[in-house]
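Inspection log for the structure reproduced underneath, given as structure tokens.
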Amino acid sequence: MSHRVLAVIIGAGMSGIAMGTTLRQAGIEDFLILEKGTDVGGVWHWNRYPGLTCDVPSHLYQYSFAPKPDWKRVFATGPEIQQYHRDVVEQFGLGPRLRTGTTVTSARYTDPGWVVETASGDRYECDFLIAATGVLHHPSIPAIDGLDTFAGPVVHTARWDDTVTTRGQRVALIGTGSTGVQVVSALQPEARQVTQFARTPQWVLWGPTGLRQSAAISKALARMPSVNRRVYGTALWASGILADITTRPSWRRSLVQSLARLHLRSVRDPALRAQLTPGYEPLCKRQVVSGSYYKAVQQPNVDIVSAGIERVTETSIITTDGIEREFDVIILATGFEAHHYMRPMQLTGRDGITLDEAWVKGPRAYRMTAMPGFPNFFTLLGPNSPIGSISLQYTAELTSRYILQFIQRFRAGELTAAEPTEEATREFNEQVREAIGPTIWNTGGCNSWYQNEDGTIDLWPFDRKTLTAMLSTPDDRHFRITRG
Ligand code: NAP
């Protein structure tokens, strides 16, 4: 089947929903959101592992246009956030424009416009193509010798299998990131044994991650929407501290780092504490926040293994020190291929340039959202997005309004196509490279998924004010604009 619309948005995760809502609020109805999953929500749809919680406070982890007064917890659970996304889709009437179960396989610029093809053979023609395909989407499966020979279940946290039983089982958990930490805390009370393979321990900041929001607060915020909006505004303002402490050395950074070191002191056994002590600075990796992890690892049914994994057999994991341990289940909390933006979709821009050719030296964009050679194409949370420092919803909404301005000018007949110049893109990337220098992601002495293959850091090294300034009004001098 063939369809023609003004805009196609790929992905109905957090940022695709922000884009769709922004278009509808501007009175634009002529768009579709194509989503390969069976539901909206992006990471909150794909991730269903035990203990899934957001370690960003609920009143910050929401859209400015849909502040929710009655979060059940101060740090919401995955299912509650997923339900929030469904509710927003319904509240803002995105349902009729949403096509779930629709995998985009290719998109080609045809001058003018784009032709988008799906796995089921459908074809969409559109003037604007917007990739809201997410960052943490493709699970990273470690190349461990013998992993495929293990007789029990092997499950990646981002593709959880609800038929897997962990209660009363001997569970091997690989990984110490935000996910691994949450899974250990969740499984410890019910599993017979949890063994965490922690080749690189992470710093863990304490936070009240299990705290409930009282019904009285929920009621009061629901009765007073202006106060509820102010709570969101205050949370957003306060979150500025994260960009500050990660991007610039200061006493505030040192203070937060001291809090992480202090929290580690709650592990009483010196040998275990030594195993859990990272060899790099706090805040260097994406900071883990948990109020339960250090308690869980001190329970008798939890083991931390620091040695690397040599191989997996039918029943066990053998580490590089020659020790063999038997398990019933292996859980991979091994993270994501974070730089596989938009893949495996085949994206072809002007004059036949492919995404692989444009990104031969790694992901690169103009202000996270546009690329030379790809007219009328935009990304949400594209390369150099502030994944580790600024509210993602704020960023997605801001970028959506930026993209909207091009679409409005197109509708008004002021332009037919726009793409950033190579020069402006180079200049932006040079600014980023320079500003990354003093960030803790660069100076903290760690490896992390923030790094590209060549070691450069794929993050936003500026504050929210700079983000807002860069994505408020498009600067035509930075664009190659076609009219008429
Ligand atoms: P991650 O931070 O990339 O951690 C992956 C872990 O797997 C690391 O500890 C890594 O060790 C380990 N690993 C990989 N291959 C291994 C191997 N062969 N042997 C032993 N260990 C291996 O992944 P994640 O925990 O899924 O978190 C990814 C991101 O998702 C987070 O940083 C965060 O942005 C997001 N997230 C957010 C929340 C939330 O609450 N908001 C929750 C979960 C995740 P090395 O460090 O040694 O490579």
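List of remarks:
- The set of residues from the range 122-139 being of a type outside the set (A, V, I, L, M, F, W, C) and either at pLDDT 95 or above or assigned to a strand (DSSP E or B) (or both) comprises Asp122, Arg123, Tyr124, Glu125, Asp127, Thr133, Pro139.
- Annotation: Arg343 fulfils all but one of (1) outside the structural domain of Ser400 (by TED's automatic domain parsing); (2) within 30 Å of Phe410 (Cα to Cα); (3) of a type in the set (Lys, Arg); the unmet one is (1).
- Considering the conditions (1) under 23 Å from the mean Cα position of the chain (by Cα); (2) farther than 16 Å from Asp55 by Cβ; (3) in a helix (DSSP H, G or I), Ala235 is excluded by exactly one of them, (2).
- At least 2 residues being among the hydroxyl-bearing types (Ser, Thr, Tyr) and either out of contact with any Phe, Trp or Tyr (no Cβ under 9 Å at 6 or more places or on another chain) or touching a residue at least 40 places away in the same chain (Cβ under 8 Å) (or both) is the threshold, and among the strands (runs of 3 or more DSSP E) wholly inside the range 1-118 those reaching it are 104-109.
- Counting the residues of the range 293-321 that are open to solvent by 10 Å² or more (accessible area, probe 1.4 Å), farther than 25 Å from Arg48 by Cα and touching a residue at least 12 places away in the same chain (Cβ under 8 Å) gives 12.
- Within the range 430-447, residues that are touching a residue at least 60 places away in the same chain (Cβ under 8 Å) reach partners that are more than 16 Å from the ligand (Cβ to nearest atom) with beta carbons closer than 7 Å, at six or more positions or on different chains, in the pairs Ala435/Pro461; Ala435/Phe462; Pro438/Arg248; Pro438/Pro249; Thr439/Thr247; Thr439/Pro461; Ile440/Arg253.
- Selection count, the range 259-274, where residues are open to solvent by 60 Å² or more (accessible area, probe 1.4 Å) and outside any loop (DSSP other than H, G, I, E, B): 6
- From the options Gly78, Gly95, Gly113, residue that is more than 16 Å from the ligand (Cβ to nearest atom) and open to solvent by less than 20 Å² (accessible area, probe 1.4 Å): Gly113
Rundown of residues vs (1) away from the ligand (no atom under 15 Å from the Cβ); (2) open to solvent by 10 Å² or more (accessible area, probe 1.4 Å); (3) under 17 Å from the mean Cα position of the chain (by Cα), yes/no style:
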| site | (1), (2), (3) |
| --- | --- |
| Pro383 | yes, no, yes |
| Ile387 | no, yes, yes |
| Leu404 | yes, yes, no |
| Asn429 | yes, yes, no |
| Gly444 | no, no, no |
| Ile457 | no, yes, yes |
| Ser472 | yes, yes, no |
| Arg477 | yes, yes, no |
| Thr482 | yes, yes, no |
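- Which numbered condition Ala412 misses (of (1) free of Cβ contacts under 8 Å to residues at least 40 places away in the same chain; (2) under 23 Å from the mean Cα position of the chain (by Cα)): (2)
The values are calculated or read from the model by the stated rules, or taken from the named source; none is laboratory data. Please read all numbers here as calculations on a predicted model, not as lab measurements. Note: ideal-geometry Cβ built from the backbone for every residue, glycine included; neighbour counts use all protein chains shown. Ligands, DNA and RNA are stripped out before the accessible areas are found, and what is left, the full protein with its side chains, is counted by its heavy atoms. Shrake-Rupley method; radii C 1.70, N 1.55, O 1.52, S 1.80 Å.
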